[in-house]
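K.L.:
Okay, handing you the structure first.
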Amino acid sequence: MIINISDVWDDAKSEHYVFLNDKIDNGLSILSSSFIDEGIKDFLEFNRAVIVGGTTNSLIKCIQDYEERFGKGLLNECVMQKLEQIFDFENFSKKNTTIWSAYQLCNLARYKVCCYCHINSTATSLPTVDEKGYRPPLDHYYIKSDYPFLALTLSNFIPCCEKCNGSQMKHAVNFARIPHLNPLEDPESIEFEIDTLNVNEEEVADALALKLPAIRYRLVVIARGNDEPSINSIKTFQLKSRYKEYSERAFRLARSLRGFASRKKMHNDALNFEVQVADLLEFEPEGYKNVAYGKARLCIAKQYGALDD
């Protein structure tokens, strides 16, 4: 993950809470008095609060409880089939403008750029008479095929782009087994900086002054803290190669930002015209989360002194 989106669902919490509680109530009402169904009832009632309103970190205890109760054999397979019917994500995903669905949920998301790569849009458009509508994929941080009881849990939903959620990246990687940064919980620990390639002693001064050709610079992805989850996230979402493609644009931005503080003073004093770093970034610094490559551009501004680190 590049950005933390802990408040992404704040505008949708209350409606989804009611929706999911009703789902569990309806599911409990259709279960029989068989041994398996009684076990499912006990599991759902015991973990209802976490499934409906728990934090992403608290879901691990729910997963552990599930595995202790139902194991990984035939019993688990039978239980999973019933849970998939109760927590029917496929039906929730269908386009619908009259009942609570993934479209209404994503329409209330506070961020519109993929938190895993911070490159692609995750905007939503509700279906209308004239347009089919669209929404971002909802990645299940803990995959629903293994944990169907979390298939509709809000704190397990990560709005992301199709590339990050697809077979070449996240797909079926089990984040419950392999630690990754959690966009709903973890602080931002992946950053960026401009670096030079193959600089000899005579070129050091020009390299620091950004006077070498653009092809001699690259945008580097750096893990600063939370090492194992950060490194795994960089690898899974192939951030090094994806941000390499942004290197020339990052270099051009760095050249614009270099010496910004002194130029700002000159403009203010001589021209009575206030220059803002937002004019170069093309967004207000505090709004970086909702701009593609916003975190990378913010890091470049800090690297070249246009913003305080």
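Values quoted throughout were computed directly from the atomic coordinates according to the rules given, and no laboratory measurement underlies them. Fair warning: this is a prediction, and the values are worked out from it, not measured in the lab. Methodologically, a virtual Cβ is constructed for each residue, glycine included, from the backbone with ideal geometry; neighbour enumeration extends over all protein chains shown.
K.L.:
As a footprinting exposure proxy, order 128, 153, 98, 196 by other Cβ within 10 Å, with the fewest listed first.
P.N.:
Final ranking by Cβ density, sparse to dense: 98, 128, 196, 153.
K.L.:
Report the local net charge at residue 212: Lys and Arg +1, Asp and Glu -1, summed over other residues whose C-beta lies under 10 Å from its C-beta. Let's see the in-between values first.
P.N.:
Values: positive: 211, 216; negative: 203, 206.
It works out to a net charge of 0.
K.L.:
I would also like to ask the following. Cut-off is 10 Å between beta-carbons; in what order do 194, 63, 300 appear when sorted fewest neighbours first?
P.N.:
On the way: 194 21, 63 17, 300 26.
The fewest-first ordering by Cβ neighbours comes to 63, 194, 300.
K.L.:
Among 294, 138, 56, flag the residue with its Cα farthest along the positive direction of the charge dipole of the chain, charges on Cβ as +1 for Lys/Arg and -1 for Asp/Glu.
P.N.:
Toward the positive end, the furthest listed residue is 294.
K.L.:
So for 260, 192, fewest C-beta neighbours within 10 Å to most, what's the order?
P.N.:
Details: 260 19, 192 24.
If I rank by nearby Cβ atoms, fewest first, I get 260, 192.
K.L.:
Among residues other than residue 66 whose Cβ falls under 14 Å from its Cβ, what is the net charge (Lys/Arg +1, Asp/Glu -1)? Write down the numbers at each step before the final one.
P.N.:
Numbers: positive: 41, 48, 61, 69, 72, 82, 144; negative: 42, 45, 65, 67, 68, 77, 84, 146.
After counting each charged neighbour, the total is -1.
K.L.:
Which one of 8, 102, 125 has its Cα pushed farthest toward the positive end of the charge dipole of the chain, where Lys and Arg give +1 and Asp and Glu give -1 at the Cβ?
P.N.:
Most positive-ward Cα: 125.
K.L.:
Here is the link list: 211/240; 61/144; 95/170; 170/240; 23/82. Which ones come out longer than 18 Å on Cα distance?
P.N.:
Details: 211/240 24 Å; 61/144 16 Å; 95/170 24 Å; 170/240 15 Å; 23/82 13 Å.
Long pairs (Cα-Cα over 18 Å): 211/240; 95/170.
K.L.:
For region 190-303, would you read off the P(r) tail past 23 Å as a percentage of all alpha carbon pairs?
P.N.:
Working: 2483 of 6441 pairs.
So the portion of pairs separated by more than 23 Å is 39 percent.
K.L.:
Continuing with the same structure: In debye, nearest 20, what is the charge dipole magnitude of the chain about its Cα centre with +1 on Lys and Arg Cβ and -1 on Asp and Glu Cβ, if you could check? Numbers along the way, then the final one.
P.N.:
Working: 37 positive and 44 negative charges, 171 e Å.
Roughly 820 debye for the chain.
K.L.:
Does region 120-221 come out rounded, prolate or oblate by the C-alpha gyration tensor, with a ≥ b ≥ c the root eigenvalues, rounded set by a/c under 1.5 and, if not, prolate when a/b is larger than b/c and oblate if not? All intermediate terms of the calculation are to be shown ahead of the outcome.
P.N.:
On the way: a/c = 3.52, a/b = 1.96, b/c = 1.80.
Prolate, since a/c reaches 1.5 and a/b exceeds b/c.
K.L.:
Under the 0.36 nm per residue contour assumption, what length would be gained going from the current alpha-carbon distance of residue 14 and residue 76 to full extension? Working shown, then result.
P.N.:
Values: separation 62, 0.36 × 62 = 22.32 nm, distance 3.16 nm.
So the chain would gain 19.2 nm between residue 14 and residue 76.
K.L.:
Let me see the P(r) profile for region 13-165: every Cα-Cα distance counted, bins of 10 Å, each bin given as a percent of all pairs.
P.N.:
Bin by bin from 0 Å, the calculated values are 10, 39, 33, 15, 3, 0.
K.L.:
Oh, and also: Quick one: grab the alpha carbon gyration tensor of region 94-175, order the square roots of its eigenvalues as a ≥ b ≥ c, and give me rounded if a/c is under 1.5, else prolate or oblate depending on whether a/b is larger than b/c.
P.N.:
Working: a/c = 2.04, a/b = 1.37, b/c = 1.49.
Since a/c reaches 1.5 but b/c is at least a/b, the shape of region 94-175 is classed as oblate.
K.L.:
Turning to a different aspect of this structure: Let me check I've understood the local charge: for residue 169, count other residues with C-beta under 11 angstrom from its C-beta, Lys and Arg +1, Asp and Glu -1. What total comes out?
P.N.:
Numbers: positive: 163, 170, 235, 242; negative: 139, 162.
Spelling it out: positives minus negatives among the neighbours equals +2.
K.L.:
For a Förster distance of 22 Å, can you work out the FRET efficiency between the beta-carbons of residue 22 and residue 134, rounded to the nearest 0.05?
P.N.:
Working: r = 27 Å, r/R0 = 1.21.
Approximately 0.25, to the nearest 0.05.
K.L.:
How large is log10 I(q)/I(0) at q = 0.10, 0.12, 0.15, 0.16 Å⁻¹ when the Debye formula is applied to the Cα atoms of the chain, each weighted equally and without solvent?
P.N.:
Values, matching the q order: -0.66, -0.86, -1.17, -1.27.
K.L.:
Assigning unit charges at the beta carbon (Lys, Arg +1; Asp, Glu -1) and nothing else, what dipole magnitude in debye, to the nearest 20, does region 190-303 show about its Cα centre? Before the final figure, lay out the partial values.
P.N.:
On the way: 19 positive and 17 negative charges, 50 e Å.
Charge dipole of region 190-303: 240 debye, to the nearest 20.
K.L.:
Separate question: Quick one: of 132/235; 132/289; 94/289; 163/244, which pairs are farther than 23 Å apart, Cα to Cα? Intermediate values should be presented prior to the final figure.
P.N.:
Working: 132/235 35 Å; 132/289 27 Å; 94/289 28 Å; 163/244 16 Å.
The answer is 132/235; 132/289; 94/289.
K.L.:
Residue 245 to residue 84: extension gain in nm, 0.36 nm per residue of separation minus the Cα-Cα distance? Don't skip to the answer; put the middle values down first.
P.N.:
Values: separation 161, 0.36 × 161 = 57.96 nm, distance 4.04 nm.
Length difference between fully extended and current span is 53.9 nm.
K.L.:
If you place +1 on the Cβ of every Lys and Arg and -1 on the Cβ of every Asp and Glu, how big does the dipole about the Cα centre of region 13-165 come out, in debye to the nearest 20?
P.N.:
Values: 16 positive and 19 negative charges, 113 e Å.
Magnitude of the dipole: close to 540 debye.
K.L.:
What FRET efficiency do you get for residue 91 and residue 49 if R0 is 25 Å and r is their Cβ-Cβ distance, rounded to the nearest 0.05? Intermediate results must be reported in sequence, preceding the final value.
P.N.:
Values: r = 24 Å, r/R0 = 0.95.
So the FRET efficiency works out to roughly 0.60.
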